[in-house]
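Here, each number is a calculation from the coordinates, and none is a lab measurement. This is a predicted model, so every value here is computed, not measured. For neighbour counting, all protein chains shown are included, and Cβ atoms are generated from backbone atoms with ideal geometry for every residue, glycine included.
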Amino acid sequence: MSQNLLNKVWDIHRIKTLPTGQDQLFISLHLIHEVTSPQAFGMLKERGLKVLYPERTFATVDHIIPTDKRERPFDDGLAEGMIRTLEENTGENGISYFGPESDHQGIVHIMGPELGLTQPGLTIACGDSHTSTHGAFGAIAFGIGTSQIRDILATQTMALSKPKVRRINIDGTLKKGVYGKDLILKIIADLGVNGGIGFAYEYGGEVIDNMSMEERMTICNMTIEGGARVGYVNPDEKTYEYLKGRRYAPKDFDAAVKEWKKLASPQDAEYDDVYTLDVSDLEPMITWGINPGQALGVGDRIPEDADEQACAFMGFERGQVLKGTQIDVAFIGSCTNGRISDLRIAAEVVRGRKVSPGVRALVVPGSRSVADQAEREGLHTIFKEAGFQWREPGCSMCLAMNPDKLIKRELCASSSNRNFIGRQGSPTGRTILMSPAMVAASAIIGRISDVRDML
Amino acid sequence: MNEKIIEITGKAVPLRGDDIDTDRIIPARFMKCLTFDGLGQFAFYDVKYGEKGEEKEHVLNSPDFKGHAILISGRNFGCGSSREHAPWALKGMGIRCIIARSYAEIFANNCSSLGIPALAVDENIADELLKMVEDDPAVDFSIDLLGKRLYSGNRTFPFHIPENYRLALVEGRWDTTSMLMESLEDIERANKRLPAFID
Ligand code: SF4
C-alpha cells in the first residue's frame, strides 16, 4: 500500500511533533482578508512580533466590500475602517495586497487559483472556512481562526492534528443540467453535515476526472459544509494546464509538474475510509432547510421525518414539493459559484429571457478578472438585458456583511454555500441553495424551477 | 506560557439543538470590528432578540441562567464559518467551558486557542445534563481536566477532549505562538526548502 497525497504533503511540511501531541505544520501559502485578520495583526503588535515571511502571505478584500459603489471612503464607515486597517497592516509588513483598485481583487478563494498561487502539494491556510476550495489543485488547504492567523504570521507554522482520509469515488455520468454543485449537495446530504469531522475528503473517480478545474473547486469549496476541513482532488493534466502561465506559477514549470506528479495518490493508495456514489440518476439539488445537508432533488418531497425547527423557520411543511414555490431574490455569486464557467452557464439560461417581475436578481462576479472576462464575452449584457443587476466583485449576499442583504422573510434562490438562519443578512430571511443554472432558471420563472425544462 | 486551566466550577446554561452554527452564535453583521473586545453583548443576538430589538422568550434571556459559565448543547456545535468571533463572543458573555455531544473542528480549535475547554459527552449524558439544569438552574458543576471527570453533587460523568487540547489547557500552552516559536531554525530550513512565490 502506498501513501495518499495528504500524507505525502503533510510529511513534507511537518516541522515536528509538539509537546501537546499535535504536529507543527509549515504553511506554504497564507491568504488573508479584511474581516478575520485585523485582530491577528493586533495580537502580533501587542507582543512585539513581526511577520516572519511576508512573501508567503497574500491579501485581498472581499467580505465587506460594497458591490455597487466603489468610491472611497465607502459609505459604511466600519467597512472603510476595516479595509484601511488591512491596507496599513499589509503596507507596514510588506505583504502583497490586491485591493479594490487591483485587477486581481476578488473573493480570496477565487483570487488564489487565478494568480497561480494555489498549486499542488502546498499547505494553504486562510481565516475562512471555505479555504478547502484550493484543494481542487491537490493542495492541503483549510480554514483557520484568528489566533492561528497570528501563529502563521509570526512563525509560518501552526499546530494541527493530521486528519484521516476518506476517499470519495464518484462514478457514472452527470445528466445534462446537473453540475458539481448538485453533486456536492448530494454528498453532504448523504454523509451528513458532521459526517466529515476528523476527515479530509479525497474526491476521485470518473466524474471528478472529467470535471473542469472550476467545477472541482465548487466541490472542494463545500467540503467544509460536510464537516471535513480539507477536501482535495489529485492533480492531473487539467490542473497543470490551468496553472501554466499564471502570474505566480513556478517559472520552471516542467520541473514543477514533475514534482507534482509524484504527489498524487497512486492507484493502490491507502485510505481510512472509502465512500462510493453513482451519480447517473442525480437530479438538480435544492436545500429545503437551515443547513446544507437538508437537501433534496428539485422534484422531491420534504421528508416525512424532516426537522421541525427547520421546517418551521422556512415556512415549509413535511411532504411538500418546493418546485413552484415563489422566490423573492436570486443571487448568483460567491466562492462556490462565482467563477466564469458559472456565469457562462447561467447566462446561457438567461439569454433572451426576462427576470420575473418582483424578483430582485443579482450577479456578483467572484473576482475582477472574472468580471472582466465576462464583460469581454458580453455576459454582463445578457444579464442586464434580462433584468439582473451586474455588480462589482465580492462576497456580497453570501454572508451579507456589505449592503447586499435579504429583507425580512424574503426567500432567496442562491448559488452560495450556506443556508444558515440569518446568513444572508436578515434574521428571518430564507435561503435555498442550488446551482447557478438553477438560480438563473428560478429567477426567470419567479419560482423554484428545474433548469432542465429550459435547456 | 498561559494560565493553567485545570479546574472549572460553575453553573450551566442548557442550549438544546444540533448543528448550532457560528452564524447563529455571532451574526456576520457584528463582525465589523477591529478587536474581539465587547462581542459578548452580540452573542446569539438573533436568537435572543426580535427584529425590533425586543427580548424573545428564550433560555438565554432567562434570569435563571444569567451569568452561568458552562454552556451545554447538542451535536456538531459551532459548525460553519471559521470566525473566531464566535468563541470570543461566548467568552465575552461569560462562558468558560462548553459541554456538547460533538464539535465542528475549526470551532474546537478556536476554543482551545482561547483557553475554553470544549468537552464532548455521550448522547445520554448530554440529555441528562440538559435535564438536570432545566430542572434546577442552580445546580453546580465542577470540571476536572486532570482526572477527566465532570462532577455535580455526588455524581460523576466522563467526557472526551482531544488529548492535545487537554494538555495545552492543563499545561498552560493553549496560546500556541510561543510554543511554535521554539523551532525557528527548523522553520527557516523548511522555508528555504519549500517553493516560494516569484512574481
Ligand atoms: S463568498 Fe461567502 S463563503 Fe466564500 S469567502 Fe465570501 S463569505 Fe465566505
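Values as computed for the structure displayed
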{"quantity": "Largest-first principal axis extents of the Cα set of the protein assembly as shown (Å)", "calculated": "72, 58, 55"}
{"quantity": "Shielding by partners, peptide A:37-49 (average Cβ within 10 angstrom, other chains)", "calculated": "2"}
{"quantity": "Spherically averaged projected area in nm², based on the convex hull that wraps the Cα atoms of the range A:178-277", "calculated": "7.0"}
{"quantity": "28 Å Cα-Cα reach of B:K52 towards lysines, excluding residues that sit fewer than 8 places from it in its own chain", "calculated": "A:K405, A:K408, B:K32, B:K66, B:K91"}
{"quantity": "Exercise: per-residue mean of other protein chain Cβ atoms within 10 Å, A:153-162", "calculated": "6"}
{"quantity": "Low-density loop cleavage sites - trypsin sites (Lys or Arg not before Pro) in the range A:229-290, where at most 16 other Cβ are within 10 Å (DSSP)", "calculated": "A:K244, A:R246, A:R247, A:K251"}
{"quantity": "Inter-probe distance in nm under a simple model that places probes 7 Å from Cα toward Cβ, at B:T156 and A:E375", "calculated": "6.9"}
{"quantity": "Net charge over other residues, Cβ less than 9 angstrom from the Cβ of A:V35 (K, R count +1; D, E count -1)", "calculated": "-1"}
{"quantity": "Interchain or long-range residues, amide H under 5 Å from A:Y275's placed H", "calculated": "A:R167, A:I168, A:N169"}
{"quantity": "Cα gyration tensor shape of the range A:353-454, rounded if a/c is under 1.5, else prolate or oblate by comparing a/b with b/c", "calculated": "oblate"}
{"quantity": "Cut-off of 10 Å, at most 14 other beta carbons, DSSP loop: longest stretch of chain A lacking such GluC sites (Glu not before Pro)", "calculated": "A:102-269"}
{"quantity": "Alpha carbon centroid spacing (whole Å) that separates the range A:293-336 from the range B:158-175", "calculated": "40"}
{"quantity": "For the range A:232-285, alpha-carbon Rg and Dmax in angstrom", "calculated": "15.8, 44"}
{"quantity": "Whole-number Å³ per residue for the convex hull built on Cα positions in the range B:1-158", "calculated": "112"}
{"quantity": "Summed residue charge, Cβ within 10 Å of A:D62's Cβ, Lys/Arg positive, Asp/Glu negative", "calculated": "-2"}
{"quantity": "Sites B:D136 and A:D103 - FRET efficiency at Förster radius 60 Å, r taken between beta-carbons, to 0.05", "calculated": "0.45"}
{"quantity": "Range in chain B, longest, excluding exposed GluC sites (Glu not before Pro) [loop by DSSP; at most 13 other beta-carbon atoms within 10 Å]", "calculated": "B:58-199"}
{"quantity": "FRET efficiency, B:R149 to A:T428 (Cβ-Cβ, R0 35 Å, nearest 0.05)", "calculated": "0.25"}
{"quantity": "Contact order relative to length of chain B, as percent, for alpha carbon pairs under 8 angstrom and 6 or more apart", "calculated": "26"}
{"quantity": "Backbone HN-Hα couplings from phi across the range A:80-97 [Karplus 6.51/-1.76/1.60, Hz, Gly and Pro as x]", "calculated": "4, x, 5, 6, 5, 4, 5, 4, 5, 4, 6, x, 5, 9, x, 9, 5, 10"}
{"quantity": "Percent breakdown of C-alpha pair distances by 5 Å bin, ordered from the shortest bin, for the range A:98-223", "calculated": "2, 10, 18, 22, 20, 14, 8, 4, 1, 0"}
{"quantity": "Given charges at beta-carbon only (K, R positive; D, E negative), |dipole| of the protein assembly as shown in Debye", "calculated": "680"}
{"quantity": "Average beta-carbon neighbours from other chains, 10 Å sphere, peptide A:15-28", "calculated": "6"}
{"quantity": "Local electrostatic count, B:I26, Cβ distance below 11 Å [Lys/Arg +1, Asp/Glu -1]", "calculated": "-1"}
{"quantity": "Zero-based 5 Å bins, Cα pair distances in the range A:42-126, whole percents", "calculated": "3, 12, 22, 23, 18, 13, 7, 2, 0"}
{"quantity": "Candidate lysines - alpha carbon under 16 Å from A:K244, same-chain residues fewer than 8 apart omitted", "calculated": "A:K258, A:K261"}
{"quantity": "Restricting the range B:147-179 to trypsin sites (Lys or Arg not before Pro) in coil, as DSSP defines it, with at most 14 other Cβ within 10 Å", "calculated": "B:K148"}
{"quantity": "DSSP bridge orientation in the range B:7-193 - percent antiparallel, rounded to nearest 5", "calculated": "55"}
{"quantity": "Other-chain or far-sequence residues with amide H under 5 Å of B:L119's (modelled H)", "calculated": "B:I98, B:I99, B:A100"}
{"quantity": "Length released on extending from A:T173 to A:N93, taking residue separation times 0.36 nm less the Cα-Cα span", "calculated": "23.9 nm"}
